[in-house]
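The values are calculated or read from the model by the stated rules, or taken from the named source; none is laboratory data. Here the structure is a predicted model, which means the values were calculated and not measured. Ideal geometry is used to build each Cβ from the backbone, glycine not excepted, and the neighbour counts take in all protein chains shown.
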Amino acid sequence: MTEPLLVDRTDGVVTLTMNRPTAMNALDVALKEALRDALAALETDRSCRAVVLAGSGGSFSAGQDLREHVQVLESPGRDPLDTVRAHYNPIAARLANLPKPVVAAVRGMAAGAGASLAFLADFRIGGPKTKFLMAFAGVGLAADTGASWTLPRLVGHAKAVELLMLAEPVAADEACRLGLLTRLVDDDEQVLPTAHELAARLAAGPTVAYGAIKRQLSIADAGTLADALSAEAQAQSICGGTADHRAATVAFVNKQKPVFQGN
């Protein structure tokens, strides 16, 4: 049986590849559970210093597997959207709060929850065929997998309303202009290598500081200046006690290139 999620480890970078290419990597229960559990394991995996999230074949992810969803809708007594609490919410929380950088290699279509997954990454690399579609309203649903939180932060409230309510596709050039993509490469075949290159660079960096930066921004987004200042003081106290900070400071004073160990 084909594994729904492929996991590769290379030089501190863990690549999670959604592996349902014939279904455009649509998210069925098996894939959602595999992704949820893999992310939970990576939270405390010290050998993982950066993550790449990708899709196999020509698509990133078409979102919820609607063929499977129809079967649930036709099953009496079942909550058809309990998958939000059981799968999508935990996946979103773990992606957003993962204390290490996440790079999404968005090749081809990213629709619905698939697009939401990409928006939870810290960096998103796309190519000419990359396309985002907030497909939820098209099937009579509201946003999930964190899109109501990520989209306004990426594109602003008004544009988020437009993307979610009109459910019109956003091509690669426009996605890059709006900030849905961090980087747009010229060739779709270079999306994954470029994502890996960026992830390798991040994995070789001060990963404790990267995790602290992610926490700071999350707190500052939803809080007051006082909240942000408190988070900054806490983060600097943690980062200031790391071997990476001490070694990098000595290297700077001696005009040397720092080598970070992630501790």
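Numerical summary
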quantity: Any hit, region 162-170, residues being at pLDDT below 95, over 24 Å from ILE125 (Cβ atoms) and touching a helix residue (DSSP H, G or I) at 6+ places or on another chain (Cβ under 9 Å); calculated: no
quantity: Residue, surrounded by the most Cβ atoms within 10 Å (Cβ to Cβ), within region 213-251, restricted to residues that are touching a residue at least 40 places away in the same chain (Cβ under 8 Å) and of a type in the set (Gly, Ala, Ser); calculated: ALA248
quantity: Output for region 136-156, where each listed residue is out of contact with any helix residue (DSSP H, G or I) (no Cβ under 9 Å at 6 or more places or on another chain) and in a helix (DSSP H, G or I); calculated: GLY138
quantity: Residue list for region 56-102, restricted to those being within 16 Å of PHE136 (Cβ to Cβ) and part of a loop (DSSP other than H, G, I, E, B); calculated: ALA62, GLY63, ASP65, PRO80, LEU81
quantity: Residues satisfying the stated conditions in region 167-190, i.e. within 18 Å of THR150 (Cα to Cα) and among the polar types (S, T, N, Q); calculated: THR182
quantity: Extreme residue, surrounded by the most Cβ atoms within 10 Å (Cβ to Cβ), among residues of region 117-148 that are within 21 Å of ARG215 (Cα to Cα) and without any contact (Cβ under 8 Å) to a residue 40 or more places away in the chain; calculated: ALA147
quantity: Condition broken by LEU117, with the remaining ones in (1) within 26 Å of THR22 (Cα to Cα); (2) touching a strand residue (DSSP E or B) at 6+ places or on another chain (Cβ under 6 Å) satisfied; calculated: (2)
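Matching residues to (1) in contact with a helix residue (DSSP H, G or I) (Cβ under 8 Å, 6 or more places away or on another chain); (2) on the phi > 0 side of the Ramachandran plot; (3) buried (at least 20 other Cβ atoms within 10 Å of the Cβ):
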| residue | (1), (2), (3) |
| --- | --- |
| ARG46 | no, no, no |
| GLY57 | yes, yes, no |
| LEU66 | yes, no, no |
| GLY77 | no, yes, no |
| VAL84 | no, no, no |
| ALA92 | yes, no, yes |
